[in-house]
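Inspection log for the structure reproduced underneath, given as structure tokens.
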Amino acid sequence: MAEILGAVVTGAAGDLGGAVAASLAKDGHTVYAADLVAAPEGKNIVPVVLDVTDQASCFALARRAAAETRLALWVNGAGIFVKTSVADADEASWHKIIAVNLTGTFHGCSAALAAMKATGGRIVNIGSLSGQLGGRGVHPAYSASKAGVHALTKNYALEGAKWGVLCNAVAPGPIEGNMVRNFGEATLEKLRAGNPTRALATMAEIVRAVRHLGDPRNTHTNGAVLQINGGILMTG
Ligand SMILES: NC(=O)c1ccc[n+]([C@@H]2O[C@H](COP(=O)([O-])OP(=O)(O)OC[C@H]3O[C@@H](n4cnc5c(N)ncnc54)[C@H](O)[C@@H]3O)[C@@H](O)[C@H]2O)c1
């Protein structure tokens, strides 16, 4: 019997996680679609209600996925974004954002590595342009958490390679979807106009990058933080 390939996607009730989960499920992976709220059911989708700030839950999910499938991929997509001026950035949000975006990604990476050591696999973390650039109107914890995600990707890349587990991140700029609707249409228009490509990324484009980095045929990209931002960091 052909082996069943498994994938865990956190934040799978959200825009990006949902799109990644759907893409993997369409290609026949059994996808554990983990989120605080139940992800929609579908063919090859197993919704799992889970809080990524709870390390034990992440490890339990990794053990389950590795017992039921050949766990090939873990995508850390759960994240929260808080829009605020830097002057108004509050401490409660600081702790919450770090707990979900950074500690949650640590939990996912550590659970995935433990479960994939026997068979190898791929981990893909979702960073952000904000982790490279900071940015206006965003809680500093968001930028700090994403810079942390970029950094810990390299720790897991180095350690994981011993076990055939490669770990990479994507660092998207603003993506057309729910999260950036927070900014309002006028700001979005400015963001589009200010990008060298005169557009923002689409979810589909980020999904393709996640799928590439998470594919077993990717055997040599490891510890990379793939910038997907239309070239916004270049000046001149
Ligand atoms: N949308 C963008 O413009 C953009 C740009 C760069 C990076 N990102 C990153 O991409 C990822 C996905 O973003 P999105 O646009 O799909 O946002 P989204 O808000 O649609 O999805 C995020 C999901 O994470 C879940 N989540 C929040 N806290 C959780 C927790 N403690 N445990 C489990 N799940 C939790 C939410 O319920 C939600 O379903 C995030 O890490 C985000 O920071 C997004």
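Here is a yes/no grid of residues against (1) more than 12 Å from the ligand (Cβ to nearest atom); (2) of a type in the set (Phe, Trp, Tyr); (3) modelled with pLDDT of 95 or more:
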site	(1), (2), (3)
159	yes, no, yes
163	yes, yes, yes
168	yes, no, yes
196	yes, no, yes
202	no, no, yes
222	yes, no, yes
227	no, no, yes
233	yes, no, no
(request) Hey, can you tell me all the residues within the stretch 208-227 that are hydrophobic (A, V, I, L, M, F, W, C) and within 13 Å of the chain's Cα centre (by Cα)? (result) 209, 210, 213, 225, 226
(message) Could you check the stretch 36-59 and list, in sequence order, the residues that are touching a His at 6+ places or on another chain (Cβ under 8 Å) and either assigned to a loop (DSSP other than H, G, I, E, B) or modelled with pLDDT under 95 (or both)?
(response) 44, 52, 53, 54
(message) Between a residue in the stretch 191-207 that is of a type in the set (D, E, K, R) and any residue that is surrounded by 12 or more Cβ atoms within 10 Å (Cβ to Cβ) and not in a loop (DSSP other than H, G, I, E, B), which pairs come within a Cβ distance under 7 Å, given they are 6 or more apart or on different chains?
(response) 198/192; 205/228
(request) Filter the stretch 1-34 for residues that are in contact with a Ser or Thr (Cβ under 7 Å, 6 or more places away or on another chain) and either within 25 Å of residue 176 (Cβ to Cβ) or surrounded by fewer than 23 Cβ atoms within 10 Å (Cβ to Cβ) (or both) and give the result. (result) 4, 5, 17, 30, 34
(message) Scan the stretch 141-151 and tell me whether some residue there is in contact with a strand residue (DSSP E or B) (Cβ under 7 Å, 6 or more places away or on another chain) and crowded, with 17+ Cβ neighbours inside 10 Å.
(response) yes
(request) Determine which single condition residue 152 fails, assuming it passes every other condition in (1) in a helix (DSSP H, G or I); (2) away from the ligand (no atom under 15 Å from the Cβ); (3) within 22 Å of residue 227 (Cβ to Cβ). (result) (2)
(request) Please find, within the stretch 181-228, the residue that is surrounded by the most Cβ atoms within 10 Å (Cβ to Cβ) out of those that are aliphatic (A, V, I, L, M) and under 21 Å from residue 154 (Cβ atoms). (result) 210
(request) Report yes if residue 114 is among the hydrophobic types (A, V, I, L, M, F, W, C), surrounded by fewer than 23 Cβ atoms within 10 Å (Cβ to Cβ), out of contact with any Leu (no Cβ under 6 Å at 6 or more places or on another chain) and within 20 Å of residue 72 (Cα to Cα), otherwise no. (result) yes
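The values are calculated or read from the model by the stated rules, or taken from the named source; none is laboratory data. All of these numbers come straight from a predicted model, not from anything done at the bench. Cβ sites come from the backbone with ideal geometry, for glycine too, and all protein chains shown count toward neighbours.
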